[in-house]
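First comes the structure, then the notes that go with it.
The values are calculated or read from the model by the stated rules, or taken from the named source; none is laboratory data. On a predicted model such as this, the values are computed, not experimentally measured, just so you know. For neighbour counting, all protein chains shown are included, and Cβ atoms are generated from backbone atoms with ideal geometry for every residue, glycine included. Just so you know, the surface numbers come from the protein's heavy atoms only, side chains and all, with ligands and any DNA or RNA stripped out. Shrake-Rupley method; radii C 1.70, N 1.55, O 1.52, S 1.80 Å.
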Amino acid sequence: MATNSMAISSGAEVRRITQGAVVVLGRFFFALIFLMAGANHFSKQSIGYAVSAGVPLASIAVPLSGVLAIAGGLSILLGYRAKLGGWLIVLFLVPVTLMMHKFWLVQDPMMAQIQMILFMKNVSMLGAALLISQFGAGPFSLDGRHSR
């Protein structure tokens, strides 16, 4: 009988480790775009592109959005205060999506399609960020270590 309970226990442990690894991988993939894109928000090219898109105070807004993206991305990646990190990503995505991907104003059909795809990509990431803001980082996170 002890052998069966050990097998069940062992199977549960493997499942927990597997689920934890999948969650860590998911956090990594989700955070990667914000960490990479956030770093570019300090370049003159990114600020210039935002100016051309009509972003007010772009020289301040674009680097500030880079800080939000990097801080939120690191928080989620490490699983440290990930709920707050999720809200930082929401705070980043809403204005960026609405200001930079105005597909409804683009005259060229191909460019409108590209902007709509980018808009919808951001909307899907917004959904993920809202989930993280409510459920946190999950297993194998710095937040998870504090809750044990």
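Annotations for the structure displayed:
- Set Ala58, Ala137: member being within 30 Å of Arg15 (Cα to Cα) and not basic (Lys, Arg): Ala137
- Taking residues in the range 118-142 that are within 11 Å of Val23 (Cα to Cα) and touching a residue at least 12 places away in the same chain (Cβ under 8 Å), and partners anywhere that are among the β-branched types (Val, Ile, Thr) and open to solvent by less than 30 Å² (accessible area, probe 1.4 Å), the pairs with Cβ atoms closer than 7 Å and at least 6 places apart or on different chains are Ala137/Ile76.
- The selection criterion, being touching a residue at least 12 places away in the same chain (Cβ under 8 Å) and within 12 Å of the chain's Cα centre (by Cα), holds for Ile76.
- Only a single item in (1) modelled with pLDDT of 95 or more; (2) aromatic (Phe, Trp, Tyr); (3) open to solvent by 80 Å² or more (accessible area, probe 1.4 Å) is not met by Phe103, and it is number (3).
- For the range 43-60, a residue qualifies if it is open to solvent by less than 40 Å² (accessible area, probe 1.4 Å) and in contact (Cβ under 8 Å) with a residue 24 or more places away in the chain, and the qualifying residues are Ala50, Ala53, Val55.
- The range 12-62 - residue that is hydroxyl-bearing (Ser, Thr, Tyr) and in a helix (DSSP H, G or I) and, of those, farthest from Leu130 (Cα to Cα): Ser52
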